[in-house]
1. Is one or more of the residues making up the stretch 99-107 touching a strand residue (DSSP E or B) at 6+ places or on another chain (Cβ under 9 Å), within 26 Å of ASP30 (Cα to Cα) and basic (Lys, Arg)?
2. Scan the stretch 51-68 and report the pairs whose first residue is touching a residue at least 40 places away in the same chain (Cβ under 8 Å) and whose second residue is exposed (fewer than 13 other Cβ atoms within 10 Å of the Cβ), with Cβ atoms within less than 8 Å and a gap of 6+ or a chain change.
3. Residue by residue through the stretch 115-124, note down the ones that are over 14 Å from the mean Cα position of the chain (by Cα) and part of a helix (DSSP H, G or I).
4. For SER38, state whether it is of a type in the set (Ser, Thr, Tyr) and surrounded by 15 or more Cβ atoms within 10 Å (Cβ to Cβ).
5. Do we have any residue at all in the stretch 67-85 that's more than 21 Å from VAL122 (Cβ to Cβ) and modelled with pLDDT under 95?
6. Does LEU10 satisfy the criteria of being in contact (Cβ under 8 Å) with a residue 60 or more places away in the chain, buried (at least 20 other Cβ atoms within 10 Å of the Cβ) and either touching a strand residue (DSSP E or B) at 6+ places or on another chain (Cβ under 8 Å) or under 25 Å from THR75 (Cβ atoms) (or both)?
7. Determine whether PHE123 is within 11 Å of ASP6 (Cα to Cα), of a type in the set (Phe, Trp, Tyr) and either surrounded by 16 or more Cβ atoms within 10 Å (Cβ to Cβ) or in contact with a His (Cβ under 8 Å, 6 or more places away or on another chain) (or both).
8. LYS53: more than 17 Å from VAL9 (Cα to Cα) and among the charged types (D, E, K, R), yes or no?
Amino acid sequence: MNLLLDTHVLLWWLDDSPYLSETERNAIADPGNLIVVSAAGIWEMRIKQALGKLEIPAEFYSVIKDQRFELLSITTDHAYAAGGLPMHHRDPFDRMIIAQARLEKLCIVTHDNIFSRYEVSVFSANVD
């Protein structure tokens, strides 16, 4: 499977949070799966950190780079596609992740139910 981690899922993975189901944890840990992290998620975390809404350790980016994750940059094609999505959701970071998943043929690992309103593959693992 080719999985794109939503920002909260990435944070939960790094924090070994109990919010991640065993199914999600196993899928992310499976060396047979491609695990992708979007630049949009990193950007979102840094903005929330700057606003005082998120505390992350100074070395968090090094920790992410030490994972076996593939880092996905934002391209002009991604930006164009994000702008053309229906306005079910106004969060620009989520919209970018959705656009990237659609263009790159990735399945999003998320607990955000609004993603299912878009034509995008969502990893449904809210059940163990």
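The values are calculated or read from the model by the stated rules, or taken from the named source; none is laboratory data. Fair warning: this is a prediction, and the values are worked out from it, not measured in the lab. Ideal geometry is used to build each Cβ from the backbone, glycine not excepted, and the neighbour counts take in all protein chains shown.
1. The initial filter retains those residues of the stretch 99-107 that are touching a strand residue (DSSP E or B) at 6+ places or on another chain (Cβ under 9 Å), namely 100-101, 104-107.
Retained after the next criterion (residues that are within 26 Å of ASP30 (Cα to Cα)): 100-101, 104-107.
Among the residues that remain, those that are also basic (Lys, Arg) are: 105.
For the stretch 99-107, residues touching a strand residue (DSSP E or B) at 6+ places or on another chain (Cβ under 9 Å), within 26 Å of ASP30 (Cα to Cα) and basic (Lys, Arg): present.
2. Matching pairs, first to second residue: VAL63/PRO57.
3. SER116, ARG117
4. Working: of a type in the set (Ser, Thr, Tyr): yes; surrounded by 15 or more Cβ atoms within 10 Å (Cβ to Cβ): yes.
Yes.
5. The answer is yes; a qualifying residue exists.
6. Answer is no for this residue.
7. Working: within 11 Å of ASP6 (Cα to Cα): yes; of a type in the set (Phe, Trp, Tyr): yes; either surrounded by 16 or more Cβ atoms within 10 Å (Cβ to Cβ) or in contact with a His (Cβ under 8 Å, 6 or more places away or on another chain) (or both): yes.
Here the answer is yes, as PHE123 does meet what is asked.
8. Numbers: more than 17 Å from VAL9 (Cα to Cα): no; among the charged types (D, E, K, R): yes.
For LYS53, the condition - more than 17 Å from VAL9 (Cα to Cα) and among the charged types (D, E, K, R) - is not met.
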